[in-house]
Amino acid sequence: MNTAAFADFRTYPLISALAGVQDMDDHLLVRWADNRLSPFHHQWLRDNCPCPQCVYSVTREQVLEIVDVPQDLAPDAAHVDAEGCLSVAWQDGHLSRFDPGWLRAHAYDDESRAERQACKPKARLWHSDLQLPVFEYQALMTDNNALLQWLLAVRDIGLTQVRGVPTEPGSLKLIAQRISFIRESNFGVLFNVQSKADADSNAYTAFNLPLHSDLPTRELQPGLQFLHCLVNDAEGGESIFVDGFAIAEALRREDPQAFTSLCEIPVEFRNKDRHSDYRCLAPIIALDASGQVSEIRMANFLRGPFDASVEQMPRLYQAYRRFIAMTREPRFRLMQRLNPGELWCFDNRRTLHARNAFDPASGARHFQGCYVDRDELLSRILVLQR
């Protein structure tokens with residue numbers, strides 16, 4: 001069927017056919033074959049016209065700006081055409097045709113919006129009993145379906161392990177680039193996690209690192225972090241993880257005032273060495289537009305002195321202490337030693353990670369790491385799902 005074009009590279013299945021349309025004062029009321037009713041305002045329809053005059057067919061990006069259309073523009077006629085599309089003839093002579101699959105996918109009646117909200121991916125919260133998702137390097141490098149399953153686990157669970165990774169330095173770059181380009185920082189494109197005398201971060205020492213997110217000192221923390229084990233002969237150094245979202249939701253239930261304080265009172269994080277000085281002031285818990293936890297920002301060893309009002313300061317300390325204490329509770333903590341040829345890939349803005357102290361005199365320990373932004377992960381998933 002030769003249906004209308006739409007301004008996207010995705011396809012939209014026909015969930016329900018268009019059964020009829022009625023012109024109202026400022027909108028068209030569409031009736032679907034399953035008897036759902038969806039109002040579409042005249043301005044919304046004109047704004048989303050997918051014709052080549054309104055959308056450049058090469059980039060599928062909009063050319064029309066709604067301000068160039070009269071605010072009171074109305075249809076002369078509207079009907080469901082022979083190909084099942086919604087056809088709208090406007091008073092100024094313009095013609096718009098809407099694919100029924102696309103139109104249903106973007107309908108904004110209450111039922112349709114609730115349906116879309118229910119279908120959105122949701123974080124799967126986990127505790128110490130997590131069945132760790134494990135993937136094989138070779139499959140991820142050659143099979144796009146395996147790659148998609150890995151990326152979905154990273155998105156929804158926030159912690160994965162990959163095994164069978166080559167142990168030559170630089171091998172990490174190849175698998176990270178299966179997602180997208182690597183985000184460079186002042187630590188480099190790939191950074192070496194080793195104990196060294198002139199360390200510019202506590203990560204490059206042998207003592208324990210408490211649970212933290214990397215680079216909370218940046219306006220945008222890296223989305224994904226990779227840690228690839230090349231050598232691990234030293235005693236100690238086990239990796240520890242907690243689901244920061246699970247802790248935040250437990251805090252919301254168990255101590256709502258502490259949760260609100262960590263959402264509302266900003267904290268400054270600082271990362272300074274001889275050549276750079278990064279600082280970011282932001283709350284420890286960030287919420288998205290729907291009130292769901294979307295980010296945890298935490299690294300006690302990078303935290304500046306609290307700068308809050310006299311009234312807020314006791315409340316901030318109480319909430320901060322409670323959150324740190326919860327990250328130490330066994331119910332949340334997963335601990336595992338990483339072996340050569342294995343790597344962690346986790347959501348750095350969700351999954352807090354730590355490392356036990358290790359003894360550098362007992363053997364060599366060499367990890368390599370890198371970052372990829374969360375946007376790149378989500379984009380890659382959508383492209384693989386097309």
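The values are calculated or read from the model by the stated rules, or taken from the named source; none is laboratory data. Computed from a predicted structure; not experimentally measured. Note that we place each Cβ from the backbone using ideal geometry, even for glycine, and neighbour counts take in every protein chain shown.
Going residue by residue through the stretch 252-259, is there one that turns out to be of a type in the set (A, V, I, L, M), assigned by TED's automatic domain parsing to the domain that holds Pro340, buried (at least 17 other Cβ atoms within 10 Å of the Cβ) and without any contact (Cβ under 8 Å) to a residue 60 or more places away in the chain?
Among the residues of the stretch 252-259, not one is of a type in the set (A, V, I, L, M), assigned by TED's automatic domain parsing to the domain that holds Pro340, buried (at least 17 other Cβ atoms within 10 Å of the Cβ) and without any contact (Cβ under 8 Å) to a residue 60 or more places away in the chain, which makes the answer no.
Hey, among the residues in the stretch 15-30 that are more than 33 Å from the chain's Cα centre (by Cα) and assigned to a loop (DSSP other than H, G, I, E, B), which one's modelled with the lowest pLDDT?
Result: Asp25.
Does Asp47 fit the bill of being exposed (fewer than 13 other Cβ atoms within 10 Å of the Cβ), closer than 27 Å to Gln385 by Cβ and at pLDDT 95 or above?
No, not satisfied.
Looking only at the stretch 115-144, filter to residues that are among the hydroxyl-bearing types (Ser, Thr, Tyr) and under 30 Å from Arg333 (Cβ atoms); which one of those is surrounded by the fewest Cβ atoms within 10 Å (Cβ to Cβ)?
Here the answer is Ser128.
Go through the stretch 102-128 and give me each residue that's small (Gly, Ala, Ser) and either in a loop (DSSP other than H, G, I, E, B) or modelled with pLDDT under 95 (or both).
Within the stretch 102-128, Ala107, Ala118, Ala123, Ser128 meet the criteria.
Among the numbered criteria (1) within 18 Å of Ile240 (Cα to Cα); (2) modelled with pLDDT of 95 or more, which one does Leu209 miss?
(2)
For the stretch 283-305, name all the residues that are in contact (Cβ under 8 Å) with a residue 60 or more places away in the chain, part of a strand (DSSP E or B) and over 23 Å from Ile157 (Cβ atoms).
none
Starting from residues that are touching a Leu at 6+ places or on another chain (Cβ under 9 Å) and at pLDDT 95 or above, keep the ones in the stretch 55-80 and report whichever is surrounded by the most Cβ atoms within 10 Å (Cβ to Cβ).
Ranking the candidates gives Ala78 first.
Each row is one residue, and each column tells you yes or no for (1) under 32 Å from the mean Cα position of the chain (by Cα); (2) not acidic (Asp, Glu); (3) not assigned by TED's automatic domain parsing to the domain that holds Glu111.
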| position | (1), (2), (3) |
| --- | --- |
| Pro13 | yes, yes, yes |
| Trp32 | no, yes, no |
| Leu45 | yes, yes, no |
| Ser57 | yes, yes, no |
| Pro70 | no, yes, no |
| Asp81 | no, no, no |
| Ser87 | no, yes, no |
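Does the stretch 129-144 hold any residues that are without any contact (Cβ under 8 Å) to a residue 60 or more places away in the chain, out of contact with any Lys or Arg (no Cβ under 8 Å at 6 or more places or on another chain) and outside any loop (DSSP other than H, G, I, E, B), and which are they?
Gln138, Ala139, Thr142
Which one of the conditions (1) surrounded by fewer than 16 Cβ atoms within 10 Å (Cβ to Cβ); (2) of a type in the set (D, E, K, R); (3) in contact with a Leu (Cβ under 9 Å, 6 or more places away or on another chain) does Arg337 fail to meet, given that it meets all the rest?
(3)
Can you name the residue in the stretch 229-258 that is over 19 Å from Thr351 (Cβ atoms) and of a type in the set (A, V, I, L, M, F, W, C) and is also farthest from the chain's Cα centre (by Cα) among such residues?
Only one residue fits best here, namely Ala234.
Going through the stretch 154-174 one residue at a time, which ones are within 14 Å of Phe226 (Cβ to Cβ) and free of Cβ contacts under 8 Å to residues at least 40 places away in the same chain?
Scanning the stretch 154-174 gives a single hit, Leu174.
So Pro52 clears everything in (1) of a type outside the set (A, V, I, L, M); (2) over 27 Å from Gln117 (Cβ atoms); (3) without any contact (Cβ under 8 Å) to a residue 24 or more places away in the chain; (4) part of a loop (DSSP other than H, G, I, E, B) except one condition, right? Which one?
(3)
Looking at the stretch 346-367, which of the residues that are within 23 Å of the chain's Cα centre (by Cα) and of a type outside the set (Lys, Arg) is nearest to Asp143 (Cα to Cα)?
Checked the stretch 346-367; the qualifying residue nearest to Asp143 (Cα to Cα) is Phe346.
Could you list all residues from the stretch 360-386 that are modelled with pLDDT of 95 or more, touching a strand residue (DSSP E or B) at 6+ places or on another chain (Cβ under 8 Å) and either of a type in the set (A, V, I, L, M, F, W, C) or over 24 Å from Leu338 (Cβ atoms) (or both)?
Within the stretch 360-386, Phe367, Cys370, Val372, Leu377 qualify.
Name the strands (runs of 3 or more DSSP E) wholly inside the stretch 306-382 in which the number of residues that are more than 30 Å from Arg10 (Cβ to Cβ), of a type outside the set (D, E, K, R) and in contact with a Cys (Cβ under 9 Å, 6 or more places away or on another chain) is 2 or more.
Per the criteria, 343-347, 365-372.
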